[in-house]
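The values are calculated or read from the model by the stated rules, or taken from the named source; none is laboratory data. Here the structure is a predicted model, which is why all the values come from computation and not from measurement. No Cβ is skipped: glycine too gets one built from the backbone with ideal geometry, and neighbour counts run over all protein chains shown. Surface accessibility is based on the protein's heavy atoms, side chains included, excluding ligands, DNA and RNA. Shrake-Rupley method; radii C 1.70, N 1.55, O 1.52, S 1.80 Å.
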Amino acid sequence: TGIMPTTREIQEHFGFSSQTAAISHLRALERKGVIQRQVGKARAVSFTEELDRGPIIDIPLLGSIAAGMAEDLEQSPHDRCISVDTESLGISASAKAFALKVRGDSMIDAHIVEGDCVILEHRQPRARDIVAALIDGETTLKRFLFKNRRPFLKAENSRYPDLIPARELIIQGVMVGLLRHV
C-alpha cells in the first residue's frame, strides 16, 4: 500500500510470537544502517539509501531431492517459481538455474536441513561443490569430491556412507544458494 506496516502487522505477516521480535528486527536493520526510525512515532521508518540489488529472476522449483540415501527425484509441475536477486547469488540473469526442496538429513553438517530450498545452476562442478547428482540411476544432494582422481559423493553427516558410482555419475546442478523458511 506504500504505507509502512505497524510492528503488529510485521509480527502477523512473519508469524512472530510477539511484537518484540518485530521490533528487534527493525532495530537490527537500523543498526546495519538500512533504515532510520523516528522515535515515538508509529510507521515512521525510512530507508537510508536506495537498496542496491541486481535483477530479480524467477527460478523454477522442480520438486524435491533426497539429502539422505539416493532415490528417485520427486518431480512437481513447473508452475512454481522462486524469485531471487541475481547479485545475492552471484549468478547472471541468464543463468540456467533451478530449485529443489531438500528431504533428509545427510547434509546437516553443511547447514542444509530438511525443508530448505537449494538453488542450483547447470554448470561443471569443481571439487568440494555441493551438487545434485544422478548416481547409478538415483538422485541425491551431496558434496562432490575426488579420490585417486575418481569422483565420488560425500554426505555432510557421519551417519551416511560415501557414494562411489558403480556405473554412472551425472551432475545435474551445482548449488549456488539456499533459502530457508522459518
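Okay, here's what the table says:
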| item | result |
| --- | --- |
| Residue satisfying all of: in the stretch 31-44; charged (D, E, K, R) and farther than 18 Å from GLU9 by Cβ; farthest from the chain's Cα centre (by Cα) among these | ARG31 |
| Tally of residues being of a type outside the set (A, V, I, L, M, F, W, C) and either open to solvent by 50 Å² or more (accessible area, probe 1.4 Å) or over 17 Å from PRO125 (Cα atoms) (or both) across the stretch 135-150 | 7 |
| In the stretch 151-182, the residues that are farther than 23 Å from ILE59 by Cβ, free of Cβ contacts under 8 Å to residues at least 60 places away in the same chain, open to solvent by less than 40 Å² (accessible area, probe 1.4 Å) and not in a loop (DSSP other than H, G, I, E, B) | PHE152, LEU153 |
| Flag for GLN11 being open to solvent by less than 30 Å² (accessible area, probe 1.4 Å), touching a helix residue (DSSP H, G or I) at 6+ places or on another chain (Cβ under 6 Å) and at pLDDT 85 or above | yes |
| Among the residues listed as VAL118, VAL102, the single one being at pLDDT 85 or above, in contact with a Leu (Cβ under 6 Å, 6 or more places away or on another chain) and either of a type in the set (Lys, Arg) or within 12 Å of LEU141 (Cα to Cα) (or both) | VAL118 |
| Single residue of the stretch 26-64 satisfying the filter (assigned to a helix (DSSP H, G or I) and open to solvent by less than 100 Å² (accessible area, probe 1.4 Å)) that is nearest to LYS96 (Cα to Cα) | LEU29 |
| ILE135 touching a residue at least 60 places away in the same chain (Cβ under 8 Å) and within 18 Å of ALA66 (Cβ to Cβ) | yes |
